[in-house]
Amino acid sequence: GLDHPRWLHVLPNGDVLVAESNGPKPPGEGFMAWARGLVMKRAGAGVPSADRISLLRDTDGDGVADLRTVFAEGLKSPFGMALRGDTLYIANAGEVVKLPYQPGQTRATEAPAHVADLPAGRNHHWTKNLLLAPDGRHLFVTVGSNSNVGEHGMAEEEGRAAIWLLDADSGERRLVASGMRNPNGLAYAPGTRALWVVVNERDELGDDLVPDYLTSVQEGGFYGWPYSYWGGH
C-alpha cells in the first residue's frame, strides 16, 4: 500500500524509513520521451510524487511492520537519507535538508531545514543518495547525469554524474569522483572505510548493453561517462 517506494533507511532502533517518491516531470523530448513515459508508467512511475517519508515499525518482532506513520512530508522528490547523531539528513531532487530526530520518534516535529543546494535543472536523473562519511562530519552525495549520453550539451552536466562530499555543518562541498552516469547505492566494504557505489549506465543500446556496474570509488577518479563505458568502449 505504499506510494512508489524508492529507497529505505534502517534506523538504529530497527525502524525503517521509506522514501515514497517520484521524479519531477522532465521536459518533453519527442518520440523517445513518449516511449520512455509508457515504460515508466508500466513500472508505476507515471504518478505524481507523494513527497513523503513513512516510518515502519515491527512492534512484536514477527518480521511484519504493524505500525506505519508519516514521518515527514512536504518534501520534493526525496530519496537518500542519512542519520548523523540527532539529525536526519534527506536528499531532495535539488537540495539536502535536515530534521531533528530522537530514537523512537514516529513523526518529525519540525519542518525540513535547508542545508545545501544540489544540481537540479532538467533532472533526467533525479535520485540523490546520501551516506555519512567515516569522519562523522561529512556526507557523500550522489548526483546523476542530466541526460542519457550528454545529448543536451555538457553545460547541462555541470556538477552532475558525480559523487560529492558535503560538509553537513557549512553546506560546502567538493568533488570526489566523476564520470558516473547515475550513481545510486552507496556502501562501505565490510570492515573497512572503502567506499563502493552502484552505477546505472546508459540506455537504448539493446537488452544486454550497457551493463550497470558496482565499483570502488577512488578519490579524484573519472569513470568514463559520457565518452566511454566498461573500459575502452
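The values are calculated or read from the model by the stated rules, or taken from the named source; none is laboratory data. Every value quoted in this text rests on a predicted model; they were computed, and no experiment measured them. A quick note on method: Cβ atoms are made from the backbone with ideal geometry, for glycine too, and the neighbour counts reach across all protein chains shown. What goes into the accessible areas is simple: the full protein's heavy atoms, side chains included, and nothing from ligands, DNA or RNA. Shrake-Rupley method; radii C 1.70, N 1.55, O 1.52, S 1.80 Å.
Could you list all residues from the stretch 92-105 that are touching a Ser or Thr at 6+ places or on another chain (Cβ under 8 Å) and in a strand (DSSP E or B)? Those that are touching a Ser or Thr at 6+ places or on another chain (Cβ under 8 Å) and in a strand (DSSP E or B): K98, L99, P100.
The residue of the stretch 155-168 that is farthest from W7 (Cα to Cα), among those that are surrounded by 14 or more Cβ atoms within 10 Å (Cβ to Cβ) and of a type in the set (D, E, K, R), is E156.
In the stretch 73-88, of all residues being within 17 Å of the chain's Cα centre (by Cα) and in a loop (DSSP other than H, G, I, E, B), the one that is surrounded by the fewest Cβ atoms within 10 Å (Cβ to Cβ) corresponds to K76. Residue-level analysis places A50 among those that are in a loop (DSSP other than H, G, I, E, B), modelled with pLDDT of 90 or more, among the small types (G, A, S) and within 17 Å of the chain's Cα centre (by Cα). The set of residues in the stretch 99-119 being within 16 Å of the chain's Cα centre (by Cα) and either surrounded by fewer than 14 Cβ atoms within 10 Å (Cβ to Cβ) or in contact (Cβ under 8 Å) with a residue 60 or more places away in the chain (or both) consists of D117 alone. Here G171 clears all of (1) over 15 Å from the mean Cα position of the chain (by Cα); (2) under 20 Å from F71 (Cβ atoms); (3) open to solvent by 10 Å² or more (accessible area, probe 1.4 Å) except the condition numbered (2).
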